[in-house]
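Please read the structure below before turning to the comments.
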């Protein structure tokens, strides 16, 4: 049962001990207001829970779930997280808080489970035996006959978009499903997507704000920009891409028994292996992309198709033995830290170090247990994790996203940096974030230093409005794949023949067919066709009328195509 002997629900009993021996946390005023709003929702309401990192969004979820389960004995709730490695800590929190639920009432759903376990969990949800279902994007498709609340944590995360096979956005499906069932849905994030933020600004979503960290002594970390150009001009030494001030700060944390986190969103040892003599660069024979050097495995690996080869002893073009890696990945940073910060216990967490089942959970447990001094990793360590001892976060190589052709690049970079910055100083110890950059005057970094998501979002939305980009227009993308680029482009060019005759086509903009940024993957050439419209209803109507013609279109050569609405990668 979710009630105490006196009939008081757990959320009203702050003295109640949890299964791990801790007390049920007292809510802050902001958290209480958010919980009250969710509890009082009548029918469909989309809540946007905007809370700074460490503000206790998870505690709001737990209290809202406790309210629901105490009020309705048969109700079910669905909680979505963007990545598999976030499920263990959420599952532990659920089992700790809802220990009174019968066995099998809390289940997980994600692709990392064995087929039998996933089927059993799906059946438990389908029969109503599972009261709390925790999962990644595929869980939104689960059968839940008594579903009464949906929570989407880190709602901004691109991982919620399925971009292969059946294409869908789990976040958007969560909102659609909640509306159909007339139940509330909670979208939580420290950096909401601009689409969700705009919906809240327009009053379509109800905004709930957590502006302060939940731990009274914990404040947002200070952000320091390290100007690499200024460091170079002043002749200050750096160690393999690690600036002097950052190395000194890590040594200081090591002396104090605190932890440091180094964030670099690039795995492997180096992204390029090249020859200085002739300019040869190691490329994938099956993709139009460079292969990545993985030094521990002594291999070159393509991160697009998985092709792998041994590292050549000399340049295959000119025979020069002096071939060298260019750039840095997490493996190289891990190697550098071992010599730059002597005595530090360095741990790397990325897709390469967590290939085996359960390995990610084991590595994160080592961090939480204090057995690691410096944690190096990619986006896997950037969000959702509550590292109590981390007081320093360093960000390497963030500049590349500032000049991307993708109009969403700055939004993603800001969210990524704010999320990883939030790992510092969560338990009351003062936190510091150091960002190495050659563009220290960039407005994005200054907004980040002020922890000013609202200012960044509003200025970026103004730019989007002027440029007629989402969320002020709606997009769809047709992608075609063929054995040659000419075949893929021919399919798209023929696809738009007669497009103007479709009802509503005069209100739709169709751009020219172009190759994708990475044209060839696994010997398949790819091209795309972008469509825009100021009205979603008109766009959907045109797409419905267009699809029969697309399905019947024939060209010389085999072509696979797909149609995606609201594409994230353009």
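The values are calculated or read from the model by the stated rules, or taken from the named source; none is laboratory data. None of these values were measured; they are calculated from a predicted model. Heads up, the Cβs are rebuilt from the backbone with ideal geometry, glycines too, and the neighbour counts pull from every protein chain shown.
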When region 165-186 is checked residue by residue, the ones that are free of Cβ contacts under 8 Å to residues at least 40 places away in the same chain and within 17 Å of the chain's Cα centre (by Cα) are 168
Restricting the first residue to region 393-410 and requiring it to be on the phi > 0 side of the Ramachandran plot, which pairs with a second residue that is in a strand (DSSP E or B) meet a Cβ separation below 8 Å and a spacing of at least six or different chains? 397/436
Output for region 514-546, where each listed residue is outside any strand (DSSP E or B) and touching a residue at least 40 places away in the same chain (Cβ under 8 Å): 522, 523, 534, 535, 536, 539, 542, 543, 545, 546
Residues of region 364-392 satisfying the condition of being assigned to a loop (DSSP other than H, G, I, E, B) and either at positive phi or without any contact (Cβ under 8 Å) to a residue 60 or more places away in the chain (or both): 369, 370, 371, 384, 388
For residue 198, the lone unmet condition from (1) assigned by TED's automatic domain parsing to the domain that holds residue 57; (2) in contact with a strand residue (DSSP E or B) (Cβ under 8 Å, 6 or more places away or on another chain) is (2)
Residue 60 vs. criteria within 22 Å of residue 421 (Cα to Cα) and at pLDDT 90 or above: yes
Which pairs do you get when a residue that is on the phi > 0 side of the Ramachandran plot, found in region 50-64, comes within reach of a residue that is modelled with pLDDT of 95 or more, reach meaning Cβ atoms under 6 angstrom, with the pair 6+ apart or on two chains? 56/31
On the basis of being modelled with pLDDT of 95 or more, surrounded by 13 or more Cβ atoms within 10 Å (Cβ to Cβ) and under 24 Å from residue 157 (Cβ atoms), does residue 530 make the cut? yes
Residue in region 386-415 that is farthest from the chain's Cα centre (by Cα), counting only those that are surrounded by fewer than 23 Cβ atoms within 10 Å (Cβ to Cβ) and closer than 12 Å to residue 259 by Cβ: 389
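Yes/no matrix, rows are residues, columns are (1) closer than 30 Å to residue 430 by Cβ; (2) part of a strand (DSSP E or B); (3) over 24 Å from the mean Cα position of the chain (by Cα):
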{"position": "235", "(1), (2), (3)": "no, no, yes"}
{"position": "245", "(1), (2), (3)": "yes, no, yes"}
{"position": "248", "(1), (2), (3)": "yes, no, yes"}
{"position": "268", "(1), (2), (3)": "no, no, no"}
{"position": "274", "(1), (2), (3)": "no, yes, yes"}
{"position": "278", "(1), (2), (3)": "no, no, yes"}
{"position": "293", "(1), (2), (3)": "no, yes, yes"}
{"position": "313", "(1), (2), (3)": "no, no, yes"}
If residue 203 satisfies every condition in (1) closer than 30 Å to residue 472 by Cα; (2) in a loop (DSSP other than H, G, I, E, B); (3) touching a helix residue (DSSP H, G or I) at 6+ places or on another chain (Cβ under 9 Å) but one, which is the exception? (3)
Of all residues in region 232-265 being touching a helix residue (DSSP H, G or I) at 6+ places or on another chain (Cβ under 7 Å) and over 21 Å from residue 344 (Cβ atoms), which is surrounded by the most Cβ atoms within 10 Å (Cβ to Cβ)? 265
Which one of 293, 337 is surrounded by 19 or more Cβ atoms within 10 Å (Cβ to Cβ), in contact with a helix residue (DSSP H, G or I) (Cβ under 9 Å, 6 or more places away or on another chain) and over 22 Å from residue 421 (Cβ atoms)? 293
All but one of (1) under 26 Å from the mean Cα position of the chain (by Cα); (2) at negative phi; (3) buried (at least 24 other Cβ atoms within 10 Å of the Cβ) hold for residue 154, so report the exception by its number. (2)
Would you mind stating whether residue 357 is touching a residue at least 60 places away in the same chain (Cβ under 8 Å), surrounded by fewer than 15 Cβ atoms within 10 Å (Cβ to Cβ) and within 23 Å of the chain's Cα centre (by Cα)? yes
For residue 267, are the conditions met, namely being at pLDDT below 95 and within 21 Å of residue 417 (Cβ to Cβ)? yes
Scan region 266-280 for residues that are surrounded by 15 or more Cβ atoms within 10 Å (Cβ to Cβ) and more than 18 Å from residue 379 (Cα to Cα) and jot them down. 272, 273, 274, 275, 280
Scanning for something assigned to a strand (DSSP E or B), over 21 Å from the mean Cα position of the chain (by Cα) and either over 15 Å from residue 100 (Cα atoms) or modelled with pLDDT of 95 or more (or both), does region 49-56 turn up at least one residue? no
Within region 112-131, residues part of a loop (DSSP other than H, G, I, E, B), surrounded by fewer than 21 Cβ atoms within 10 Å (Cβ to Cβ) and without any contact (Cβ under 8 Å) to a residue 60 or more places away in the chain come out as 113, 114, 128, 129
Residue 134 - would you say it is under 21 Å from the mean Cα position of the chain (by Cα), more than 22 Å from residue 477 (Cα to Cα) and without any contact (Cβ under 8 Å) to a residue 40 or more places away in the chain? no
